[in-house]
Amino acid sequence: MKINPKRRKIAYFSMEIGLNEKMHTYSGGLGILAGDTLKSAADLEIPMVAVTLLNRYGYFKQELTHDGQQIEHPDPWPVEEFLTKEDVKVSVRIEGRSVRVTAWRYDVVGVTGYVVPVYFLDTYLEENSEYDRKLTDYLYGGDQKYRLCQEVVLGIGGVRILRALGYDEIETFHMNEGHSALLTFELIDEELRKTSSSMILESHLKAVREKCVFTTHTPVPAGHDKFPLELVRKVIGPRDELFSLPQVVYDNTLNMTYLALNMSRYINGVAKKHGEVSKLMFAGYDISSITNGVHAQTWVSEPFQELFDKYIPMWRTDNFSLRYALSIPNEEIWNAHMKCKKTLLEYVKTQTGVEMNEEVLTIGFARRATAYKRADLLLYNLERLKEISSKDGKIQVIYAGKAHPKDEGGKQLIKKIFTAIQELKSHVPMVYLPNYDMKVAKMMVSGVDIWLNTPQPPLEASGTSGMKASLNGVPNFSVLDGWWIEGCIEGITGWAIGDFSENASSEQHAKSLYEKLEKTIIPLYYQHRDQFIQMMKYAIAINGSFFNTHRMVQEYVINAYFHKES
Ligand SMILES: *Cc1c(COP(=O)(O)O)cnc(C)c1O
């Protein structure tokens with residue numbers, strides 16, 4: 001499809017965008033949400049264009065040794081196979097050097113053929129210095145300076161690339177997390193040029209604010225970039241008229257979240273609860289919430305795609321119609337599920353050598369390995385877990401997840417799980433799949449029987465893997481945090497671990513987890529299979545029909561993109 005840049009009104013900026021498993025341009029939830037958003041925007045023919053970094057060597061490829069030590073490898077991907085090089089170059093200033101930036105294009109094609117182009121920024125150009133060539137190599141790699149340089153390329157370079165390509169009618173710049181907030185600097189400079197002014201006035205800032213929308217994604221402090229003013233001056237240059245603005249620099253620090261908050265007309269968190277938590281974190285800002293979703297067509301497994309095509313033919317264009325999953329015969333739901341389960345267990349065997357039994361209740365847990373996600377909560381009391389599995393009904397567990405290379409606590413968690421795998425061996429079969437990515441995720445969320453999540457509230461902003469599970473008829477078993485507060489109907493769409501209290505201890509959560517597993521979930525699975533399958537259908541009909549990016553993008557359209565307060 002030929003694109004007319006003048007008709008694109010929304011520019012979506014994200015440090016990572018995950019579109020498929022072969023393009024290693026994402027690390028996890030944030031990037032996959034970005035990719036799913038663009039796919040739905042294309043399906044719904046939203047006039048959008050997107051900008052991100054090329055991330056030529058990916059995030060990292062995870063190898064796990066026999067005792068669970070994580071080894072990180074570069075994770076390159078064949079750029080030319082997927083992207084088309086655009087004939088465009090712009091410059092950004094970094095440490096006084098003029099760094100050239102080019103772009104590669106990927107077309108996200110929607111169900112009707114409508115295209116949302118994604119521009120991947122690339123600094124690997126002969127005319128750049130060796131350091132600058134590597135700026136678009138690694139996602140979340142390097143030190144603080146490397147990160148800030150990347151953000152200059154993304155924010156400032158991104159706006160310049162769009163302009164050079166003819167996108168000059170953009171009404172809304174959507175910052176998916178604060179990494180791209182430097183785009184506001186470029187928009188301020190555009191206002192200065194437009195008004196032939198050398199002084200930044202409130203009217204300039206207001207004009208920029210009218211153009212920007214910001215989505216914050218985490219209440220965890222490490223998720224909010226902060227740069228000391230000294231470093232910012234060194235990298236961006238002596239822009240003191242900018243750095244003296246209280247909206248930009250506070251306490252000698254450039255905080256990308258505050259910059260985005262100050263420069264946006266609309267701000268949102270990614271679930272109802274997260275919106276509330278963000279309001280407390282950032283007092284004085286008007287923060288709304290739009291609950292995340294996932295792209296249904298991407299995350300529904302083949303067997304369920306066939307089933308939906310047969311019973312709900314319009315589900316791909318109209319995700320709301322998944323509501324009618326209630327009318328699919330139980331037997332066909334179960335057969336589709338067993339196909340997914342077999343595929344997963346075969347994969348488990350090839351990866352780990354462990355042969356799991358397809359008749360056994362299988363629990364899935366896959367997250368970024370980091371302390372607050374508490375991958376070890378299920379393992380709180382190994383004796384108790386052994387007892388449940390031997391007396392009440394057998395269970396087996398499949399884990400996966402990467403730890404950020406600098407997250408020592410996360411790496412320890414993986415090791416701890418490997419130790420438990422050995423201890424539980426003959427009682428509760430357990431495996432840890434290496435290199436959790438979109439491919440592994442798709443197999444896991446459809447192939448297990450229940451999807452477990454155990455974050456420490458209120459730190460899980462939304463979470464999306466549980467939504468993927470719902471779409472495949474896999475009920476969630478989860479702590480009430482993030483999206484699950486909205487998605488949980490006890491005994492219908494899944495089960496809650498603990499109650500709403502935020503200061504429940506891990507011990508209390510573990511106790512609740514074991515009790516529900518023992519008294520509710522295991523008996524239901526083994527003795528009341530029809531009721532279990534009924535819950536699978538509710539997961540699709542109630543949660544799958546709502547927690548998708550078609551609904552989410554429509555909410556952005558209604559509340560953020562085309563709605564202006566003034
Ligand atoms: C969906 C997904 C995530 C995010 O899931 P959470 O529930 O937020 O942990 C992370 N990584 C991969 C590979 C995914 O597919």
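When you go through (1) open to solvent by 20 Å² or more (accessible area, probe 1.4 Å); (2) under 23 Å from the mean Cα position of the chain (by Cα); (3) within 24 Å of TYR285 (Cβ to Cβ); (4) in contact (Cβ under 8 Å) with a residue 12 or more places away in the chain one by one for HIS174, which number turns out not to apply?
Going through the list (1) open to solvent by 20 Å² or more (accessible area, probe 1.4 Å); (2) under 23 Å from the mean Cα position of the chain (by Cα); (3) within 24 Å of TYR285 (Cβ to Cβ); (4) in contact (Cβ under 8 Å) with a residue 12 or more places away in the chain, HIS174 breaks only (1).
Can you work out which of the residues in region 1-31 that are of a type in the set (Phe, Trp, Tyr) and more than 12 Å from the ligand (Cβ to nearest atom) is nearest to GLN150 (Cα to Cα)?
Of region 1-31, the ones of a type in the set (Phe, Trp, Tyr) are 12-13, 26.
Going one step further and asking which of them are more than 12 Å from the ligand (Cβ to nearest atom), we end up with 12-13.
Values: TYR12: 17, PHE13: 13 Å.
Among them, the one singled out is PHE13.
Could you check region 4-70 for strands (runs of 3 or more DSSP E) lying wholly inside it with 2 or more residues that are touching a helix residue (DSSP H, G or I) at 6+ places or on another chain (Cβ under 7 Å)?
Working: elements: 10-14, 48-53, 61-64.
In region 4-70, 10-14, 48-53 are the strands (runs of 3 or more DSSP E) which contain 2 or more residues that are touching a helix residue (DSSP H, G or I) at 6+ places or on another chain (Cβ under 7 Å).
What pairs can you find where one residue is in region 306-323 and under 12 Å from ALA296 (Cα atoms), the other is of a type in the set (A, V, I, L, M) and open to solvent by 70 Å² or more (accessible area, probe 1.4 Å), and their Cβ atoms are less than 6 Å apart, with a gap of 6+ or different chains?
Pairs that qualify, where the first residue is under 12 Å from ALA296 (Cα atoms) and the partner is of a type in the set (A, V, I, L, M) and open to solvent by 70 Å² or more (accessible area, probe 1.4 Å), are SER321/MET314.
For region 62-82, name all the residues that are at negative phi, in contact with a Lys or Arg (Cβ under 6 Å, 6 or more places away or on another chain) and in contact (Cβ under 8 Å) with a residue 40 or more places away in the chain. Before you say what the answer is, go through the steps one by one.
Of the residues in region 62-82, the ones at negative phi are 62-67, 69-82.
Now drop any that are not in contact with a Lys or Arg (Cβ under 6 Å, 6 or more places away or on another chain), which leaves 62, 70, 73, 75.
The answer is GLN62, GLN70, ASP75.
When you look at LYS234, is it in contact (Cβ under 8 Å) with a residue 60 or more places away in the chain, among the charged types (D, E, K, R) and touching a Phe, Trp or Tyr at 6+ places or on another chain (Cβ under 9 Å), yes or no? It would help to see each step written out before you state the result.
Details: in contact (Cβ under 8 Å) with a residue 60 or more places away in the chain: yes; among the charged types (D, E, K, R): yes; touching a Phe, Trp or Tyr at 6+ places or on another chain (Cβ under 9 Å): no.
No.
Which residue pairs have Cβ atoms under 8 Å apart, sit 6 or more places apart or on different chains, and have a first residue in region 453-471 that is over 23 Å from TYR514 (Cβ atoms) and a second that is near the ligand (Cβ under 9 Å from one of its atoms) and assigned to a loop (DSSP other than H, G, I, E, B)?
Sorted first by the residue in region 453-471, then by its partner, the pairs are ALA461/GLY482; SER462/ASN292; SER462/GLY482; SER462/TRP483; THR464/ASN292; THR464/TRP483; MET467/ASN292; MET467/TRP483.
Do any helices (runs of 4 or more DSSP H) entirely within region 276-359 hold 2 or more residues that are open to solvent by 50 Å² or more (accessible area, probe 1.4 Å) and over 30 Å from SER264 (Cβ atoms), and if so, which? Talk me through it step by step, then tell me what you get.
Details: elements: 296-299, 302-311, 330-352.
Those helices (runs of 4 or more DSSP H) span 302-311, 330-352.
Any residue in region 420-440 that is in a strand (DSSP E or B) sitting within a Cβ distance under 8 Å of a residue that is buried (at least 21 other Cβ atoms within 10 Å of the Cβ) and among the aromatic types (Phe, Trp, Tyr)? List the pairs, counting only those 6 or more apart or interchain.
From residues that are in a strand (DSSP E or B), the pairs are MET430/TYR399; VAL431/TYR399; TYR432/TYR399; LEU433/TYR399.
Among strands (runs of 3 or more DSSP E) lying entirely in region 203-256, which contain 3 or more residues that are loosely packed, with under 15 Cβ neighbours inside 10 Å and on the phi > 0 side of the Ramachandran plot? Write out each step before concluding.
Numbers: elements: 212-215, 226-228, 253-255.
Of the strands (runs of 3 or more DSSP E) lying wholly inside region 203-256, none has at least 3 residues that are loosely packed, with under 15 Cβ neighbours inside 10 Å and on the phi > 0 side of the Ramachandran plot.
If you check every pair at least six apart or on different chains, which have Cβ atoms under 7 Å apart with a residue in region 242-270 that is touching a residue at least 60 places away in the same chain (Cβ under 8 Å) first and a residue that is surrounded by 19 or more Cβ atoms within 10 Å (Cβ to Cβ) and among the charged types (D, E, K, R) second?
MET256/ASP225
Given the criterion more than 29 Å from the chain's Cα centre (by Cα), surrounded by fewer than 22 Cβ atoms within 10 Å (Cβ to Cβ) and at pLDDT 95 or above, identify the matching residue among TYR538, TYR525. Even if it seems obvious, please write down each step before you answer.
Numbers: TYR538 fails: more than 29 Å from the chain's Cα centre (by Cα).
Step by step, each of TYR538, TYR525 is checked, and only TYR525 is more than 29 Å from the chain's Cα centre (by Cα), surrounded by fewer than 22 Cβ atoms within 10 Å (Cβ to Cβ) and at pLDDT 95 or above.
Starting from residues that are hydrophobic (A, V, I, L, M, F, W, C) and under 23 Å from ALA366 (Cα atoms), keep the ones in region 32-56 and report whichever is farthest from the ligand (Cβ to nearest atom).
First pass over region 32-56, keeping only residues hydrophobic (A, V, I, L, M, F, W, C): 32-34, 38, 41-42, 44, 46, 48-51, 53-54.
Filter once more, so that each one left must be under 23 Å from ALA366 (Cα atoms): 32-34.
Numbers: ILE32: 5, LEU33: 8, ALA34: 12 Å.
Out of the qualifying residues, it is ALA34.
Looking only at residues in region 453-496 that are within 11 Å of the ligand (Cβ to nearest atom) and aliphatic (A, V, I, L, M), which one is nearest to MET536 (Cα to Cα)?
Applying the filter and picking the extreme gives ALA469.
The values are calculated or read from the model by the stated rules, or taken from the named source; none is laboratory data. On a predicted model such as this, the values are computed, not experimentally measured, just so you know. Neighbour counts run over all protein chains shown; Cβ positions are idealised from the backbone, glycine included. Just the protein is used for accessible areas: all its heavy atoms, side chains included, with ligands, DNA and RNA removed. Shrake-Rupley method; radii C 1.70, N 1.55, O 1.52, S 1.80 Å.
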